[in-house]
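For reference, the structure discussed in these notes is given below.
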Amino acid sequence: MMILVANRIRVAAPHASAFEAMLATRAALVDGMPGFLGIQLLRPTKDGEPYLTQTFWATRDHFEAWLRSDEFAKGHARMGALPTDTFRSHSRAEIHEVFHTAPATMSPRVDHASDVR
């Protein structure tokens, strides 16, 4: 069963740009891992809210193999290059089984009947 791993990361505002740059240029070591399906990096829209990373895995076993891998250690070691006060607290990971999906478009829906012209 496919799983989603969501990681909530609270970042101090002065370090947000450096943190985003680190994520955007992250070592793509996870991309080649067996069972890895994709990743989403989400920026908070309100001050004080956490960043969110979401990874999708074919199975929980695939995700747990990633956690034990040298690639995981290498990819996460880069965070040590950020200032020590970058993170406001420990990150919080959540693991969810995906029991239903529906096709989605990545563009916003527009209700043309209510458009103001």
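Derivation of every value follows stated rules applied to the coordinates shown; laboratory data play no part. Computed from a predicted structure; not experimentally measured.
Let me have the relative contact order for the range 3-99, percent, based on Cα pairs under 8 Å that are six or more residues apart.
RCO, the range 3-99: 49 percent.
Which of the three applies to the chain, rounded, prolate or oblate, going by the alpha-carbon gyration tensor with a ≥ b ≥ c and a/c under 1.5 meaning rounded?
Because a/c hits 1.5 or more and a/b fails to exceed b/c, the chain counts as oblate.
Quick one: what are the phi-derived ³J(HN,Hα) couplings along the range 82-99, Karplus 6.51/-1.76/1.60 with θ = phi - 60°, whole Hz, x for glycine and proline?
Each residue of the range 82-99 in turn: 6, x, 5, 9, 5, 9, 7, 6, 5, 5, 10, 9, 10, 10, 10, 7, 8, 10 Hz.
Can you give the calculated 222 nm mean residue ellipticity of the chain, where each DSSP H run of n ≥ 4 adds -39,500 (n - 2.57) and the sum is split over every residue, rounded to the nearest 500 deg cm²/dmol?
-6000 deg cm²/dmol
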